[in-house]
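Bear in mind these aren't lab numbers, they're just calculated from the coordinates by the rules spelled out. Everything numeric here is computed off the predicted structure, so don't read it as measured data. When we count neighbours, we look across all protein chains shown, and the Cβ atoms used for this are built from the backbone with ideal geometry, even at glycine.
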Amino acid sequence: MIDNSIILQIKNLSKDFEVKGKDLRRKKSVLHALKDISLDIREGEVLGIIGESGCGKSTLGRCIVGLHKPTGGDILFEGKSILSVSSKERFELCKNIQMVFQDPYSSLDPRHTAADSVAEPMIVHKTVKGRQELENKVLELFHQVGLDIQHMNRYPHEFSGGQRQRLNVARAISIQPKVVVCDEPVSALDVSIQAQVINLLKGLQKKYHLTYIFISHDLSVVKYVSDRIAIMYLGQIVELCNGRDIYKNPLHPYTKALLSAIPPESPDENKERITLEGEISSPIGDREGCPLAGRCPQCLERCKKEVPSLLQCGEDGHKVACFLYDKGIV
Amino acid sequence: MSEALLTVKDLKTYFYTSGGVSKAVDGVSFQINRGEIMGIVGESGSGKSVTSSSIIRLLPSGAGKIVSGSIDFDGTDVLALNKKELLSFRGKEVSMIFQNPMTSLSPVFKVGHQMTELIRTRQKADRQTAYRMAEEALMKVGITDARRRLDSYPYELSGGMCQRVIIAMSILSSPKMIIADEPTTALDVTIQAQVLDLLKEMQNIYQTAILLITHNLGVVWKMCDSVMVMYAGKTVEYTSCSNLYHNPLHPYTWGLLDSMPRLGSESEEELSTIQGTPPDLRLTGTCCNFSNRCPYANEICKSVVPELKELEPGHFVACHRQCEAGGLKRGGVDQA
């Protein structure tokens, strides 16, 4: 079902932030949010990105839509770089890549009615002609995301969280983008509402053949929606695999630990816990070796000195960045 | 072992707002035994946090009021305590762990200061003894360089570390019960697992009862002995943990269980959802609160408030349809 043509290509992307020293005299230090990330996203697929807070998953999403300017590397959309284009071309590209944010409360303008918010992208990008067409289009979008058209003239504060997230989705798909970056779209919602929004997103994806980049920290949600999953740790992708394989055949020690830390699905389930000692190390400053080296239960001497790269391991494009699997490839 | 520690009977906590009376908790009864872990699950606004703050009388003064009911903790009537008695009740008998670890510590004092202050208000100890006690407490919760941590400010610690400090503080005076209000919601999965393991370990060592409030059913499966499901201020189901998983009876519980995506499942089917949204708490109390979202609802559900009935030994359910002859079967009606 998946079309194999690559729609978005991320090449050696890195993003550094400057952080101030603890007191005024101290030098500024560098926070490496993303380190040398390469990723191909195929047309019509859902790529899930998962990781703990601070691992750079949101930064990656924001780089793709152009909210952050990467420090190195390149992002190609349909073969064209989106970083080194004129502002006019950049504007055209925006039409194809849209974003749904995490917090449904702060991502809508409180002074715009629901209909205004949904109509705005279409006005900005001039995709509709005339008032009548715009109104019809807004009506259609409301219908598609399952909102009552009687609520069109309400303001954001009059909606519940789930309804507001539906509005955000309507706004993102209003100009028929090809890629939608969903940054934790359901994390702020209750379980029963979460399922409604997930179903909506999945339905729209099938209908319009959209490509999603689905960022979340909830593994079961990501697994449910995604065709492929990338697991991130400290600014690097440590494993990339098919949605099914992550549960059946996790390879990287971090992925295994992450899976074992998830609360059980029934009271009888007795999970074998793989504990990672300590806390996530700081992304500030330069680091030697594998990002997980300090916490990994299977750490080798080599891990402390060299950074493993993301290499093919097994079938179906299962890739892992870990020296434990290096022998298999050589 | 099965001696009751906390008995809550028909607790009603209402909030008086300009828009009307909001029935946040509307007749909740339960019992926690010594050394037991009980969970309360529900969506936001279902009254689970208000229930817990009612138990230690931490409601915002003015707006919230306990209208009726009784709370009995180990022989003391909590609702009859005066201000001074309350101070020693909180912390000594029951301590509380809040959702956000970063805001439950004061940002302007060092961890050591905050911990020794707590020790010295509770018992006679000079500064150095108190400091040593604090250090020991931190070591018990698995903080390695305790001495250095005592000398840091809360902002210098990570979320998981802060929550450990708070757990250390809550067990300082060896309380009989800990109320943990969404203790891991603000934390990452791996840190969440660490904190939950720690809580369970503390419960094992000190035989403390824990009232765990969460919206994550996975956390309940991992931790709890018994569990209460709340919806719109009312208990809808109350039973043992494994019973709730294997034999849930209330339609809301079914909806909740079915709407969670499962990690191990292979199915590509749509997630089943509960249609609609929870009711306005100012307008509840005339019918079954779930009737507007329930696929099984009929006339009686829309006109009479269901009572919590013991359908099987130790299994309480508030549902009209389930009490009928034959009862309901899970998945009997397609949710259209």
Q: Between A:Lys248 and B:Thr286, with labels modelled 7 Å along Cα→Cβ, what's the label distance in nm to one decimal, could you check?
A: 5.4
Q: With r as the distance between the Cβ atoms of B:Lys9 and B:His113 and R0 = 41 Å, compute the FRET efficiency 1/(1 + (r/R0)^6) and round to 0.05.
A: 0.50
Q: Using only Cα atoms, find the angle between the long axis of helix B:83-92 and the longest principal axis of chain B, and express it within 0 to 90 degrees, rounded to the nearest 10.
A: 90
Q: Enter the angle in degrees (range 0 to 90, nearest 10) between the Cα long axis of helix B:111-122 and the first principal axis of the Cα atoms of chain B, meaning the one along which they spread out most.
A: 90
(Q) Relative contact order for region B:33-173: what percent, with Cα pairs under 8 Å and sequence separation of 6 or more? (A) 23
Q: Calculate how steeply helix A:191-208 sits against the longest principal axis of the alpha-carbon atoms of chain A, using the helix alpha-carbon long axis, and give the answer as 0 to 90 degrees to the nearest 10.
A: 80
Q) Percent antiparallel among DSSP beta bridges with both residues in the protein assembly as shown, to the nearest 5? A) 60
(Q) Using helices alone, I'd like the mean residue ellipticity at 222 nm for chain A: each DSSP H run of four-plus residues gives -39500 (n - 2.57), total over residue count, nearest 500. (A) -8500 deg cm²/dmol
**Q.** Residue with peak Gaussian network fluctuation, chain A [Cα springs, cutoff 10 Å], from A:Glu288, A:Glu265, A:Glu133
**A.** A:Glu265
Q: Once you have the Cα-Cα distance between A:Ser29 and A:Glu301, take 0.36 nm times their residue separation minus that, and quote the gain in nm to one decimal.
A: 95.1 nm
Q: Have a look at B:Arg90, B:Arg57, B:Arg148 and tell me which one the Gaussian network model of chain B (Cα, springs below 10 Å) gives the largest fluctuation.
A: B:Arg148
**Q.** Theoretical gain in end-to-end length, A:Gln9 to A:Glu315 [0.36 nm per residue, Cα-Cα removed]
**A.** 108.0 nm
Q: Take the alpha carbon gyration tensor of region A:250-330, find the square roots of its eigenvalues, order them as a ≥ b ≥ c, and report rounded if a/c is under 1.5; if not, report prolate when a/b exceeds b/c, else oblate.
A: oblate
Q. Lysine pairs in region A:111-235 8 or more apart or on different chains: how many have alpha carbons under 27 angstrom apart?
A. 18
Q) B:Glu201 to B:Gln123: FRET efficiency via 1/(1 + (r/R0)^6), r the Cβ-Cβ distance, R0 35 Å, to the nearest 0.05? A) 0.90
Q.
Which of A:Lys88, A:Lys319, A:Lys69 ends up with the largest GNM mean-square fluctuation for chain A, with Cα atoms connected below 10 Å?
A. A:Lys88
Q. What fraction of the Cα pairs in the protein assembly as shown, stated in percent, has a spacing above 31 angstrom?
A. 59
Q | Local electrostatic count at A:Ser309 - Lys and Arg +1, Asp and Glu -1, tallied over other residues with Cβ under 10 Å | A | -2
Q.
Using all alpha carbons of region B:1-105, what is the percent of pairwise distances in each 5 Å bin, ordered from the shortest bin to the longest?
A. 2, 11, 21, 24, 22, 14, 5, 1, 0, 0
Q. Tell me, what HN-Hα J-couplings in whole Hz come from the Karplus equation 6.51 cos²θ - 1.76 cosθ + 1.60 at θ = phi - 60° for each residue of region A:84-95, using x for Gly and Pro?
A. 10, 10, 5, 5, 5, 5, 4, 4, 5, 5, 3, 4
